[in-house]
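First up is the structure itself, then whatever we jot down about it.
Throughout, read-outs are computed from the coordinates displayed, never taken from laboratory work. If you're wondering where the values come from, they're calculated on a predicted model, not measured in any experiment. Here the Cβ positions follow ideal geometry from the backbone for every residue, glycine too, while neighbour counts run over all protein chains shown.
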Amino acid sequence: MKLFKKLAASASALALLASGASAEISDGVVKIGLLTDMSGTYSDVAGPGTVTAAEMAIEEFGGTVAGAPIELVSADHQNKADIAANKARQWGDTENVDAFAELVTTSVAMAVFEVAKQQNKIALVSGAASSPLTNDACIPTGLHWTYNTRAMGVGTGSAVVAEGGDSWFFLTADYAFGESLQKDVSKVVEAAGGKVLGSVKHPFPASDFSSFMLQAQASGAKVIGLANAGGDTINAIKAAKEFGIVDAGQKIAGLLVFLSDVHALGLDTAQGLQMTVSFYWDMNDETREWSKRFFDKTGKMPTGIQAGTYSAVRHYLKAIEATGSDDTDIIVAKMREMPVEDMFAHNAVLRTDGRMVHDMYLAEVKSPAESSGPWDYLKIVRTIPGEEAFGPLSESTCPTK
Amino acid sequence: MKKTFGYLILLALALAAPFVVYPVLLMKLLCFALFASAFNLILGYGGLLSFGHAAFFGGAAYFTGHALKAWGLPTELGILAGTAGAGLLGLAIGLLAIRRQGIYFAMITLAMAQMAYFFFISAPFTGGENGLQGVPRGMALGMFDLSNDRTMYFFVLAICLGGFLLIARAVHSPFGQVLGAIRDNEDRARSLGYDIERYKLLAFVLSATLAGLAGATKTVVFQLASLSDAHWHMSGEVVLMTLLGGLGTIAGPAVGASIIIALQNYLASGPFAAWVPVVLGVIFVTCVLSFRRGVVGELRAFIRRSF
């Protein structure tokens, strides 16, 4: 009887403790809603891999934070802004989702920003690239983690111009991201003394690039800049090879190329390609260890978007751990206060315009002879300091910075 | 008497629904039910398979979005502007399309809708792939704040009920009877002295206008208009909804739309997320092969047989 009483007492004490600890966690659960492209053009660079990455971050916390369980829900937005906005709205309204994560494709990120603003929820953007997300289109709770088009322009654009590629023609994906990328790279090219001869917009997603490639060829530009991503970039590079554009002396500059794209193209086709990356698995012991665990789960090495999703979710959970709350304003303030420190970014800061500033890397694709095996694709040519890649805060046009 | 009672129960259910089910999902359901019913007017009662109704749905969505966002019109006027725009578009496409029948009619509507799609993708006011986002919901009649989901639901319910009543009235009017006669035997209707082109055109424009009303309302609900509204997938989806629910029945398209929307919503975040088109395809094939009259059509036939 005594034992029973003791047990009951300790059980109720435990229950008190648990409820006390999670008093400030709304609904007693921290819920993250991850929206990504599960089956379309961006499913390789983002897609199911980002779900795995977010799960890995949650596992690090043992599935609970500040006494409350962490839940992850995910959905396929098919790269459509309306589907994403509806899903996000529903998650926020009926399923107590506290933060939206990943959000590849700029149009999706912008649509979810609209919902996040109305519901005062956090949006952890990893896959969308457009720099307006932390400029004109910024919201106080929208955090842009992995990269942006400005950083891509600074990295690849200036490197190509420095090698003598001073006249450019753009092949641009016909939506906000493509326009933003073209604009940012054009700025860098012109600042470095290069010229932009013209551009052509292609529908998103596209599979037949022949007519666009012929236009690019006819322009006579030394460099054909691909202001697109994912499957579009792969198809464009393949089309360029078929038309013998590279052999004829024009250079292809992929402005947003991922490790998975190099994997799909093969080293024969991709060798020598310069690309700006936010992350490469084979940089140090930490990245190798994490990437190996990722590889064991997915069978692929992580892209920057996937590693960035891990970092963003981890930092978000860190802030909840530190404050014991999941209130949006408290968490955003804490996330800004703490430096971002993990295998993806070191001593990086989250600025008031929502930009996470960390070092970027200029990489070159190895030739088949240099590569020692599968996934050994890149050599890092240069580390681009965060400030140089993303620009100073004073440059940001975000009204709430 | 019995019928009135049934309708009253349905109305009571519709009024109580937002307190049980997520209102935004209900509003989506209502909008698509209206869209499918409008489509049924031309396919089920007019016998004309239009494969371009997304142009009216999406067009009205864009017109309304633009009117509310850029011109700052009140919500009701914005919806009316979108609906009127869709009606005009319907008149233009209808004038060309009704000169042909069958597959040629379907192809003309498809071609015109694709032209409209490419206009929407390249016109600056639609925002291309990004779509129009952040469309304000505004106030209804200057009194009710529509940013509240339940208030918005009753506003949408009123609009859609109006649409359904108009469709039911049109179908049961002499105009609807003539339309049915044209569907069943065009030559005979012509020999009876009816100007069938005029009837067809009127039905087409009416259908386009109501499809536009659905699209315009949808824009206000979701506060965005996007390319998927105007894409030919949408034209296909509405055919699917109508056939699944029951062609040429008043309630069928609404039932079909409910099934499809509920399925899409339910499957989107489960293990079948990437398989939604496949699941819908299987349902469609099953429906066409085994119960061709659709859910409501089969139900009606069953009741007639048994009672």
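Backbone phi angles across region B:157-162, fed through the Karplus curve with coefficients 6.51, -1.76 and 1.60 (θ = phi - 60°), yield HN-Hα couplings of 4, 4, 4, 5, 4, x Hz in residue order; Gly and Pro are listed as x. Listed by chain and number, the lysines whose C-alpha is less than 24 Å from the C-alpha of A:LYS297, apart from same-chain residues fewer than 8 away, are A:LYS31, A:LYS318.
Output the relative contact order of chain A, whole-number percent, from Cα pairs under 8 angstrom with separation of 6+ residues. Mind dumping the intermediate values first?
On the way: 825 pairs, mean separation 73.7, N = 401.
Computed over chain A, the figure is 18 percent.
Given N residues in chain A, what is Rg(Cα) / (2.2 N^0.38 Å)?
Details: Rg = 22.2 Å, N = 401, 2.2 N^0.38 = 21.5 Å.
So chain A has a normalised radius of gyration of 1.04.
Across the protein assembly as shown, the fraction of Cα-Cα pairs farther apart than 38 Å, rounded to a whole number, is 43%.
Rounded, prolate or oblate: which fits region A:139-181, taking a ≥ b ≥ c as square roots of the Cα gyration tensor eigenvalues, rounded meaning a/c under 1.5, else prolate when a/b beats b/c? Cα axes put region A:139-181 in the oblate bin.
Proximity of backbone amide H atoms, modeled 1.01 Å from N, is registered between A:LYS201 and A:THR172 at under 5 Å, excluding neighbours fewer than 5 places apart on the same chain.
Taking amide H as placed 1.01 Å from N in the peptide plane, A:ALA101 has its amide H under 5 Å from the amide H of A:GLY33, A:LEU34, A:LEU35, A:LEU124, each at least 5 places away in sequence or on another chain.
Per-residue ellipticity at 222 nm, computed for chain A from helices alone with -39500 (n - 2.57) per DSSP H run of at least four residues, works out to -13000 deg cm²/dmol. Taking 25 Å as the straight-line reach from the Cα of A:LYS201, the lysines in range (excluding those fewer than 8 positions away in the same chain) are A:LYS80, A:LYS183, A:LYS187, A:LYS222, A:LYS238, A:LYS241, A:LYS251.
Between B:GLY246, B:GLY162, B:GLY82, find the one with the highest GNM mean-square fluctuation for chain B; connect C-alpha pairs within less than 10 Å. Comparing B:GLY246, B:GLY162, B:GLY82 in a Gaussian network model of chain B, the most mobile one is B:GLY162. What the Kirkwood sum gives for region A:298-397 is a hydrodynamic radius of 15.6 Å, with every pair of different alpha carbons counted.
Give me the net charge for the shell around A:ILE252: Cβ to Cβ below 12 angstrom, other residues only, Lys and Arg +1, Asp and Glu -1.
So the surrounding residues net to +3.
Arranged from fewest to most other beta-carbon atoms within 10 Å of their beta carbon, B:PHE35, B:PHE302, A:PHE169, A:PHE279 become B:PHE302, A:PHE169, A:PHE279, B:PHE35.
Could you please rank B:PHE175, B:PHE307, placing first whichever residue has the fewest other Cβ atoms within 10 Å of its Cβ? Intermediate values should be presented prior to the final figure.
Details: B:PHE175 16, B:PHE307 5.
Exposure proxy ranking, most exposed first: B:PHE307, B:PHE175.
Connecting C-alpha atoms closer than 10 Å in a GNM of chain A, tell me which of A:PRO132, A:PRO368, A:PRO302 has the biggest fluctuation. Sorting by GNM fluctuation, first place goes to A:PRO368.
Per-residue Cβ counts within 10 Å, from other chains only, averaged over B:221-229: what number is that? Before the final figure, lay out each step's value.
On the way: counts 1, 6, 6, 10, 2, 8, 5, 6, 1.
The per-residue average across the peptide is 5.
Comparing Cα centroids, region A:130-167 and region A:220-294 end up 17 angstrom apart.
Taking 2.2 N^0.38 Å as the expected size of a compact globular protein, what ratio does the Cα radius of gyration of region A:146-240 give against it, to two decimals?
Numbers: Rg = 12.3 Å, N = 95, 2.2 N^0.38 = 12.4 Å.
Against the compact-globule rule of thumb, the ratio is 0.99.
Who wins for biggest fluctuation among A:LYS334, A:LYS297, A:LYS187 in a Gaussian network model of chain A, springs between alpha carbons below 10 Å? Of A:LYS334, A:LYS297, A:LYS187, the most mobile in the Gaussian network model is A:LYS297.
Once you keep just the Cα pairs under 8 angstrom separated by 6 or more residues, what percentage relative contact order results for chain B? About 32 percent, as a whole number.
The distance between label points at A:SER372 and B:ILE283 comes to 5.3 nm (points 7 Å beyond Cα on the Cα→Cβ vector).
Calculate how large, on average over all directions, the projected area of the Cα convex hull of region B:22-230 is; give the answer in nm² to one decimal.
Working: hull surface 44.5 nm².
The orientation-averaged projected area of the Cα hull of region B:22-230 comes to 11.1 nm².
Counting only Cα atoms, the size of region A:20-71 along its three principal axes is 46, 20, 9 Å, in decreasing order.
Computed over chain B, the per-residue total of -39500 (n - 2.57) for DSSP H runs of n ≥ 4 gives a 222 nm mean residue ellipticity of -24500 deg cm²/dmol, rounded to 500.
For B:PHE175 and B:TYR194 in one chain, what is 0.36 nm times their gap in residues minus the Cα-Cα distance, to one decimal in nm?
Length gained, B:PHE175 through B:TYR194: 5.8 nm.
Whole Å is fine, so just give me how far the alpha carbon centre of region B:105-144 lies from that of region B:33-59. Distance between centres, Cα-based: 17 Å.
What's the exposure ranking of B:LEU91, B:LEU34, A:LEU265, going from fewest to most Cβ atoms within 10 Å?
Exposure proxy ranking, most exposed first: B:LEU91, A:LEU265, B:LEU34.
The share of alpha-carbon pairs in region B:173-238 lying farther apart than 13 Å comes to 71%. Annotation: amide H of A:GLY225 within the under-5 Å range of A:PHE169, A:PHE170, A:LEU171, A:ALA253, sequence separation 5 or more or interchain, hydrogens built in the peptide plane.
By the scheme Lys and Arg +1, Asp and Glu -1, what is the net charge of all other residues having a beta-carbon under 15 Å from that of A:GLY373?
Details: positive: A:ARG288, A:LYS292, A:LYS300, A:LYS366, A:LYS379; negative: A:ASP282, A:GLU370, A:ASP376.
With Lys, Arg at +1 and Asp, Glu at -1, the net is +2.
On C-alpha positions alone, give me the angle between the axis of helix A:47-60 and the longest principal axis of chain A, in degrees, nearest 10. It works out to around 40 degrees. For the protein assembly as shown, the share of DSSP beta bridges that are antiparallel, to the nearest 5, is 35%.
Local charge sum around A:GLU395 (other residues, Cβ-Cβ under 13 Å, Lys/Arg +1, Asp/Glu -1)? Show your work: numbers first, answer last.
Working: positive: A:ARG150, A:LYS187, A:ARG351, A:ARG355, A:LYS401; negative: A:ASP136, A:ASP184, A:ASP353, A:GLU387, A:GLU388.
In short, 0.
Along region B:145-156 the Karplus relation, 6.51 cos²θ - 1.76 cosθ + 1.60 evaluated at θ = phi - 60°, assigns HN-Hα couplings of 7, 7, 5, 7, 4, 6, 4, 4, 4, 5, 5, 5 Hz to successive residues, with x for each Gly and Pro.
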